[in-house]
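The values are calculated or read from the model by the stated rules, or taken from the named source; none is laboratory data. Given the structure is predicted, the values throughout are model-derived calculations rather than measurements. Heads up, the Cβs are rebuilt from the backbone with ideal geometry, glycines too, and the neighbour counts pull from every protein chain shown. The area values use the complete protein model at the heavy-atom level, side chains included, leaving out ligands, DNA and RNA. Shrake-Rupley method; radii C 1.70, N 1.55, O 1.52, S 1.80 Å.
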Amino acid sequence: MAYAIAVIILGLLVGSFLNVCIYRIPKGKSIVSPPSACPGCGKRLGPFELVPVLSYLFLNGRCRVCGAKISLRYPAVEMLTAFLFCLCFWRFGLGAELILSLIFTSLLLTTVFIDFDTMELPDGISLTCAAAGLVYGITVKNSLLFPLLGAAAGFLLTYIIYKAGSAVYKKEAMGGGDIKLAAATGTFLGWQGLLLSVYLAFFIAFIILLPALLTGFKKRHDLVPFGPALAAGALITLLWGSSIWNWYAGVL
């Protein structure tokens, strides 16, 4: 129980830091300095205003000085991070695999919200993810081939989809950032897990996009961020990939 509480607190704190990354990285700003401040009045936030989730509740979602509204997404990211950290702890227990899975999860969460905001996937995050994946392959899987094959599978599969989609629609059907992200997640998932994660990504994207198309909220040729679907597919595979494969084998 104590370990679970510690993981929740860690998730909330990391989620608070991810909010900084999500806001600053697309702007090319340092994620370390200057200290966090209200985007409305520029007032530096004190320790009381930086407590994950609780500060938002106590301040009623507004800046203490100028009264500017604080986005609900800040506590949402903190709680989502804590929830996913708990899932990783439940799945892997204590050890190196848990630490690396938490890093992987944090990078994917950052990618998701940056892609939502900017329709871009920063190369730095994908490179960091790939580096962590190499460490994961060597330390957890005891194999350098595992991450390298996964990265190759991610790159080749999404590049083929990119070229085929571009030929059909006469425009880019997938961004270069998506290809790099798929290759990076492959280092954690291996080639088999990568195949499953990409399949899940397209399934998730279809489930979400279909209602938007039917209601007219999105048009057929509108650009939509695919990074969140890739990240979701990768996280599902990380946590339940082996169970999904076993179920699929049983069905066959």
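Below are the figures for this structure:
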read-out: Pairs, first without any contact (Cβ under 8 Å) to a residue 40 or more places away in the chain in region 20-32, second not in a helix (DSSP H, G or I), C-beta under 6 Å, six or more apart; value: VAL20/ILE31; ARG24/ILE31
read-out: Residues (aliphatic (A, V, I, L, M), within 19 Å of ILE125 (Cβ to Cβ) and either at pLDDT below 95 or open to solvent by 50 Å² or more (accessible area, probe 1.4 Å) (or both)) located in region 146-180; value: MET174, ILE179
read-out: Filter pass, ALA82 being modelled with pLDDT of 95 or more, crowded, with 19+ Cβ neighbours inside 10 Å and assigned to a helix (DSSP H, G or I); value: yes
read-out: Filter result (over 21 Å from LEU108 (Cβ atoms), assigned to a helix (DSSP H, G or I), open to solvent by less than 30 Å² (accessible area, probe 1.4 Å) and not charged (D, E, K, R)) within region 5-59; value: SER55
read-out: Residue match in region 162-170 (condition: over 21 Å from LEU80 (Cα atoms) and of a type in the set (Val, Ile, Thr)); value: yes
read-out: Condition met for GLY216 (open to solvent by less than 100 Å² (accessible area, probe 1.4 Å) and modelled with pLDDT under 95); value: yes
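Residue-by-condition table, conditions (1) on the phi > 0 side of the Ramachandran plot; (2) among the hydroxyl-bearing types (Ser, Thr, Tyr):
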| residue | (1), (2) |
| --- | --- |
| MET79 | no, no |
| GLY95 | yes, no |
| LEU100 | no, no |
| SER126 | no, yes |
| PRO147 | no, no |
